[in-house]
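Please read the structure below before turning to the comments.
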Amino acid sequence: MRGSAGRAVTDAPEDLYVVGIGASAGGLEALRDLLEPARVDDPSAYVVVQHLDPNHESLLAELLGRSTSLEVLQAEDGAKLEAGHVYTIPPGYGLEVENGRLKLSEFAQPRGLRRPIDDFFVSLGQDLGRRAVCVILSGTGTDGSVGLRAVKEHGGFCIAQDATARYDSMPNSAVATGMVDVVSAPSDVIARITEFRNVDPDQVNTAPPVSGTLDEICAALNRLTGHDFSQYKRSTLERRIQRRMQVVGILHPREYLERLEREEDEPLALLGDLLINVTRFFRDSAHFEALNETAIKPMVEKADDGGALRIWVPGCSSGEEAYTLAMLIDRAIHASGKEIDFQIFATDIDERMLAIAREGRYPVSVLLDLPERYRDLYTIGREGNFQITAALRDRVRFSPHSLIKDPPFSRLDLVSCRNLLIYFGEKLQARALPIFHYALNPGGVLFLGPSETIGRHEELFDPIDGAMRIFRSIGPRSPYPTELPMRSDPHARLAPLRPKATDRRTKDWNTTLASNRILDLYAPATLNVDRDGAILAATGRLGKYLEIDPSETGQGYAQSLARAGLREALSAVIRESAELGTRKIVRDVEVISETGRQRVDVLADPLSDDTLLIIFRDRGPFEALDEYDFDEIAPSESHVQVLEAELRATRNRLRTTVEELETANEELKSSNEEMMSMNEELQSTNEELATVNDELKTKVEELSTANADLRNIFDSKLHALVTVDRKLRLRNFTDGASEMIRLRGSDRGRPLDDIQNLLDTPEVMIELINVVLEGELPRPRRVKSTELGKVWSLSATPYLNSRGEVEGATLVFTDITEALRLETELTLKGERLQLALEIAQIGVWSITEPNGDVEVDEAVAAFFEFEAAGTYPIERFFERIAEHDRARVEEAVREARETGSELEVDYELDLPSGTKRHLRATGRTMGEGNENRLLGLSVDITADEEAAQMRELMLREMNHRVKNLFSIVSGMLRIAGRSAASPRALVEDVGQRINALARSHDLARTRTSGAAIPLREVIETTLAPYDDPSKFLIDGPEVDVPTHHLTALALIFHEWSTNAAKYGVLGPREGDLEITWSMENDDTVILSWNERYREALQLDTNKQGFGSTLVDISASQISARVDTRQTPESRCNRIIFAHEIDGDAD
């Protein structure tokens, strides 16, 4: 019966692999070796399931945490599995995984029958599917072997520990299932899992699909193994081949095809993966119960007394299903009281599984699948295993057979083919069902798996119980399938994988009847024994020399079985030959038996495998006992009477013996069950004790290390420690404490305050100790010794006993004299540096890798108008850099961070307050431990930039003003010329205007005198060169212009008046000029400069000239806002600026 590889459904991340690790006795060391190579960024989660004593607190998580960089936790119910974590099973609980979360449960079985590793592996396979990995490490017993099958069934990866296992029972049992993918040392397990994961097609998007080479792989496998999978379901084949490619670390199907052709073991390995050998006793128990009631019992009732039943189980795997049917049929026959013979033919194409099935030996954990009534009747306990009874094994014949290419069995009453057809394609399924119909007797029963149906063959089978997949053969028997051969050559199925040059075979004397006959009848009687005389093998007739024939019992020691006269000689020859390694002989030994004497030579021949051959060579004929040793039968006694009397006596003895045997058998069976139960409990207890022993051994080693550390600390003069009890009596101290307290070895037990010390304030010690004894933890205090010129930091901690109770206090003196001196120096230097930075207005910043966060001080935070010093994302800084500089600064910072080059860049800030600031940043990459950071300074160069702009502006202004002066003078001449009555009047008028213009320039210079100037005076002074200010409307409240605003305002008013002189009402146009201003909120001045033309003006749409630029620059210097509205009839200039007095400015 084969399993179905269902797709797992889980909430775990799609890339998370979960590694289940099963271990028992000796597993702690293996677990450490396994987890030690793991990295912090390991993409897998690890779950450790170990046999633990439910009454003993586990230290497993603590011990493993010291051996790995992963985080180790004891599992909790509902914990979500996360990569890079190790979870350990808690004592007294079972552990499963469900939807990517751990689930704790109480054990349903008593100690001895618990199988926590199997239970976890089963849930792991069902939940994670192809992302499940199971690892079986050192341990006794067979726990894990059943769960391993479940992981393999769902496409997971299976690993077992190699010969390094201290207890190899668990890994050997796993390997014996034939389903382990890798046998490896624990230290290599994570590397093998990584290789498996790296070629997962779900993780590697570039992996080509298997479907492209599937036909070639099937053809190669058919050629190399004789098994054709080409008509199996392609999806199943692709999935299983892909999994095998993962196991061998191959990504491309073409490379795997080459490996299949090249490696001799690979075809069998792939064959094992394609044959999903997953089965168990009474799998789908409800189905078997229905089969028993609806088919087996009626079949037995219908059978004739003395008749026979024939059953076929194709795809039997390791035999559990076949033995299940045998148990059901045997019980039904016993219940009927009939004498019915039955034979089960169990077939498979996997020789490894057939070998397991023939032996009928299974792990003890499988017993849980057997109902108790069958367990008692049909199983025998072995060491760590159980075996199907010989009587039941004789009912089942296991043989290699292919359903699709070998002739079927015939005249069958029942065919059980479960979970095999689901792997066949439609064509194979269409061929298989008629084969079953041909093989069954009319009315025979077909039993299928829960996912299988008869499809379109309703004319061949009627359902007995469709839900349970039980069908009855109907109609005439199907014809023999002509596509199958008439006979099957068993040698062809057992032929070697790769054809040899010739089929000619040499006779093997080791396995022929002739060699057995020679050894039994014609060769001398021989024993093969070990160095102690234990019989390993025997051949020939040994009855003359030994009390019991070892070939029948298979056990015993030669010396104890030897007959009288032979024991001494046999013991001597075995001992000497074994010790000296040479051939020995004892001649003419008389062996006495019940019927006579035999003289014999005893030879001992040592072999290379450390065993001995013992040969008995007769020296003469056998001498029967003399006649006087026998009682004669009188002639009068009838021979028939004697025989009848012997027969009666024999019958009585036989009856008594049978009764005694039955009684003894029942007692032995009961004792055997009790012994099995006791053995399981003892084995479980032994495993738990071994685990506890490993943990305690590790703890002792740690305690020894801690003790050595403490001894070294107390012997050191570098550490000053003093311990006292609750009565402040001295318990212990280090040599380092003798510097400030005059301590000697004889002072132990004395009150601390009675011992002389050199401290200026010794009472501090007593104060700290009392605080600790009251249950609080005091802050360290500084104590000083003027005499020694030293200062210590004195701290006190509780002195706890093993129960966690405070039994005293520990004083720790830390010499901080040099540290304080350095601290003072550093404080002074820091204050000087801070003063220099503040005076120079320099800020300090650093960029931390790799996240790019920027840590700034108060100065840099003020530059960027942040709330306070601290750490901010680098994007916030880039956002406040002016757009025209932002890309250049980002590139410079990126290059400095990536290449380590020095950073030097100037840029402008566009701040939320509306102000602008110019900064210069310099920095370089500095290493701090394993981290690098870009450390730098920022300097405010706004004044320098403004000065540079002002110099440029002044040069341009001077040039502009010279040109304007010529224009103004020319305009004044034209205006004066219109109304001048005489040349003198013209000269006088023009001179007055030029003087007014000079006064306006003088006003611009008064900004350095420190005197505020009324706004009206500035305006009138500006207009005086062009006309009499009284002609214009100039109105507004009294406003004083601070000296630092005067230049900018004078330039703005001069530009507006110059423009009006060139193009407006102060020049060629007639009209009115109104200049008004008002105060808003007592801190803002709004001034309007309005020109109204009497005739419409043609607008100039050209871009703004230097004058407009000059106005904008001047306005920005005083944080003013300027706007201009131009129409053909008017021009309105408006400026809004803050009203300040000189005391408000910096």
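Here, each number is a calculation from the coordinates, and none is a lab measurement. The shown structure was predicted, so the numbers you read here are calculated from the model rather than taken from an experiment. Counting neighbours? That spans all protein chains shown, and the Cβs are built from the backbone with ideal geometry, glycine included.
Quick notes on this one:
- For Phe386, nonlocal amide neighbours, meaning residues 5 or more places apart or on other chains whose placed amide H falls under 5 Å from its own, are Tyr362, Val364.
- Subset of Lys544/Lys584; Lys233/Lys297; Lys790/Lys829 violating a 26 Å alpha-carbon distance limit: Lys233/Lys297
- Distances between placed amide hydrogens fall under 5 Å for Asp910 paired with Ile881, Ala882, all partners being 5 or more residues away or on another chain.
- Approximate shape of the range 285-485 as ellipsoid semi-axes (Cα gyration tensor, √5λ), whole Å, largest first: 27, 20, 16
- Integer Hz, Karplus 6.51/-1.76/1.60 couplings in order for the range 295-312, x for Gly and Pro: 10, 5, 4, x, 5, 5, 4, 6, 5, 6, 5, x, x, 9, 10, 10, 10, 10
- With all projection directions averaged, the alpha carbon convex hull of the range 716-816 covers 6.1 nm².
- Neighbourhood net charge (12 Å Cβ-Cβ; Lys/Arg +1, Asp/Glu -1) for Leu35: -2
- Computed from the alpha carbon atoms alone, the convex hull of the range 841-940 holds 87 Å³ per residue.
- Once you reduce the range 858-872 and the range 231-281 to the center of their Cα atoms, the two points are 64 Å from each other.
- When Val180, Val658, Val529, Val135 are arranged by Cβ crowding within 10 Å, least crowded first, meaning fewest neighbours, the order is Val658, Val180, Val529, Val135.
- Convex hull volume of the Cα atoms of the range 137-245, normalised per residue: 116 Å³.
- Of Thr925, Thr1058, the sequence from fewest to most neighbouring Cβ atoms within 10 angstrom is Thr925, Thr1058.
- This ranking places Lys697, Lys584 by how few other beta-carbon atoms lie within 10 Å of each, fewest first, which gives Lys697, Lys584.
- Where only alpha carbons of the range 210-278 are counted, the Rg and the Dmax (Å): 10.6, 29
- Averaged over residues, the count of other Cβ atoms within 10 Å places the peptides 164-176, 941-953 in the sequence 164-176, 941-953, highest first.
- Sequence-distant contacts, meaning Cα pairs under 8 Å at least 6 residues apart, place the relative contact order of the range 285-485 at 21 percent.
- The spacing between the range 122-200 and the range 591-610, judged by their C-alpha centroids, is 50 Å.
- Using distinct alpha-carbon pairs, which all enter the 1/r mean, Kirkwood radius of the range 212-359 in Å: 17.9
- The mean sequence distance of close C-alpha pairs (under 8 Å, at least 6 residues apart), as a share of the length of the range 852-953, puts its relative contact order at 18 percent.
- Note: relative contact order over the range 210-278, using C-alpha pairs below 8 Å and six or more positions apart, is 37 percent.
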